[in-house]
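> I have a structure I would like to understand better, so I am pasting it below and will then ask my questions one at a time.
Where a number appears in this text, it was derived from the coordinates with a stated rule and is not lab data. This one's a predicted model, so the numbers in the text were calculated from it and none came from an experiment. FYI the Cβ positions are ideal-geometry reconstructions off the backbone, even for glycines, and counts take in every protein chain you see.
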Amino acid sequence: MRRLLLPALLLTLTACQAGDEAAAPPVAAPTEAAAVAAVPDAPAPAAEAHAHAHAGLMAHEPWSRPLAPGATVAAGYAVLMNHTDAADTLVSARADGVGRVEVHSMAEVDGVMQMRPIEGGLPVPAQGIAQLVPGGNHLMFFDVARTWAEGETVPVTLVFASGAEVVVEFAIRNEGPGGMADHGDHAHHEGHEGH
């Protein structure tokens with residue numbers, strides 16, 4: 001009797017396993033997200049969003065100081081970032097209510113700080129930066145038609161040699177990001193009123 005039960009039991013178990021395999025749901029094809037994760041060179045969606053946010057030409061933390069009543073000249077600062085594989089050059093800028101905007105350098109010559117326009121513009125290397133800072137390269141805003149007050153923003157269009165134009169909001173504040181002061185740049189601006 002035992003000899004008959006054992007083969008019957010094995011036959012029953014084999015039939016159950018075959019039934020379980022038939023009833024098992026089919027394995028789903030991998031989702032697109034899983035497929036991206038499985039390919040080591042493919043960027044993750046978050047990385048793609050970050051890359052898109054940091055693409056092309058941009059200006060980081062642009063700012064300028066408030067203007068005293070009656071003042072018509074201001075300086076502008078920012079970190080220009082080039083997230084492309086081609087070098088470019090900041091050649092000019094424009095802003096509503098501003099007569100003209102020039103790209104200037106500032107350097108010490110024979111113990112005297114001198115400011116002058118940068119011939120040909122400010123180069124911004126491929127995948128690199130160019131800084132507009134107090135005491136160095138900066139934008140000069142001439143014939144400003146109104147007072148810029150602390151807390152305001154001023155839209156400025158940056159124009160590059162490639163033809164790219166980037167509109168950025170210059171924050172009007174007494175000091176730059178991280179407490180970067182203007183180091184008295186405005187003392188020499190008075191000589192540019194008739195520039």
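> Extension gain ILE118-VAL166, at 0.36 nm per residue separation less the Cα-Cα distance, in nm?
Working it through step by step, the gained length comes to 15.3 nm.
> Still on this model: Let me spell out the model: positive unit charges on the Cβ of Lys and Arg, negative unit charges on the Cβ of Asp and Glu, origin at the Cα centre of region 57-192. What dipole size does that give, in debye rounded to 20?
Dipole of region 57-192, to the nearest 20 debye: 160 debye.
> If packing is taken as the average count of other Cβ atoms within 10 Å, what order do 74-80, 95-101, 146-152, 133-139 fall into, highest mean first?
Final packing ranking: 74-80, 133-139, 95-101, 146-152.
> From a point 7 Å beyond the Cα of ALA87 in the direction of its Cβ, which residues of region 110-131 have a backbone N at a distance under 16 Å?
Once the point is set 7 Å along Cα→Cβ of ALA87, 119-131 turn out to lie under 16 Å by backbone N, inside region 110-131.
> Restricting things to alpha carbons, tell me how big region 50-127 is in terms of Rg and Dmax, in Å.
15.2, 46
> Ok, one more. Which three lengths, in whole Å and largest first, does region 57-192 cover when its Cα atoms are put on their principal axes?
43, 38, 30
> Sticking with this one: What order do you get for LEU67, LEU158, LEU132 when you list them from fewest to most C-beta neighbours inside 10 Å?
LEU67, LEU132, LEU158
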